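The values are calculated or read from the model by the stated rules, or taken from the named source; none is laboratory data. A quick note: this is a predicted structure, and the numbers were derived from the prediction, not measured. No Cβ is skipped: glycine too gets one built from the backbone with ideal geometry, and neighbour counts run over all protein chains shown.
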Amino acid sequence: MITPIFRIFDVEKAHLFYVDYLGFQLDWEHQYAENMPFYFQLSFRDMTLHLSEHHGDCSPGSAIRINIRGLKDYHASLSQKEYAYANPNIVKAPWGTIELTVVDPFSNRITFYEEIHEQA
């Protein structure tokens, strides 16, 4: 299993985006000592994601793709939330997927996608 790491700069903004808005679950958090950076593990369905305030772990502006079933239902649930900083739409990609891209407060990009099977 591969676990991507995204760089974050604000724990509260990360929590609002990933947990409250996107519906990720906070599995655990770690901080070596007070006034030290945080490191988190989040999960969403069958995948995990790490968020790090540590400057050497990764660079902001990364991107991942998450294959999920029920993308239209997931989009509908996001649309009902009152998150002021995002209002993503589903797009149909020429390679046979529908996709929903969100950008977190730290310029990291997540594209949720689902393969579509069109009838001939």
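Just so you know, in region 79-98 the residues that are in contact (Cβ under 8 Å) with a residue 24 or more places away in the chain and not in a loop (DSSP other than H, G, I, E, B) include one that is farthest from L49 (Cα to Cα), and it is K92. Residues being surrounded by 13 or more Cβ atoms within 10 Å (Cβ to Cβ), in contact with an Asp or Glu (Cβ under 7 Å, 6 or more places away or on another chain) and outside any strand (DSSP E or B) are represented in region 19-42 by at least one member.
Being of a type in the set (V, I, T) and more than 12 Å from the chain's Cα centre (by Cα) is a property that I90 has. In the condition set (1) among the hydrophobic types (A, V, I, L, M, F, W, C); (2) part of a loop (DSSP other than H, G, I, E, B); (3) loosely packed, with under 14 Cβ neighbours inside 10 Å; (4) at pLDDT 95 or above, A76 is compliant with all but (2).
If only residues of region 54-69 that are under 16 Å from the mean Cα position of the chain (by Cα) and not in a strand (DSSP E or B) are counted, the one that is farthest from T101 (Cα to Cα) is C58.
Note on region 19-68: residues that are closer than 13 Å to F112 by Cβ and at pLDDT below 90 amount to 0.
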